[in-house]
Amino acid sequence: MLHLEFYNETVDPISGRTFEDLLNIINDDFKEIFPKALDKRKQYFISFTIIDDKLMKKINKQYRDIDKTTDVVSLGYLDEDSFPGNDMAGEIFISLPTAKKQAEELGHDPL
């Protein structure tokens, strides 16, 4: 079973409806990529964190050796020999300022 944990590390309020919409998107996508070999009866967690550009740049540098911000970074642990806590499937980080900017440029709703 998949559980999502949501965190907002920004000063901007995020509506419950936004997290609900994201949960539906992630659940639909995860069904397609969830490895068939994993025990579906086990508990797996994905953390989903809204952050700012400063933290995104730091994460990008640390994990991807890219010294700039981006809208999304995802880290998957299922292919690791021992992923964090033995039940952490991955982490998703979204930079709110960059996501808003890109949404505006593309004419989409920012969140």
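A short reminder: the numbers here are calculations on the coordinates, not readings from a lab. The structure presented is a predicted model; accordingly, all values stated were derived computationally and were not measured. Don't worry about glycine lacking a Cβ; one is built from the backbone with ideal geometry, like all the others, and counts go over all protein chains shown.
Overview of values
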item: Simple spin-label estimate for Q102 and N24 in nanometres, 7 Å along Cα-Cβ; result: 2.2 nm
item: M88 long-range amide H proximity, modeled H, under 5 Å; result: F45
item: Sequence-distant residues sharing a close amide H with N8 (under 5 Å, placed H); result: I50
item: Phi to ³J(HN,Hα) by Karplus 6.51 cos²θ - 1.76 cosθ + 1.60 over segment 68-73, Hz, x for Gly, Pro; result: 7, 7, 8, 6, 9, 10
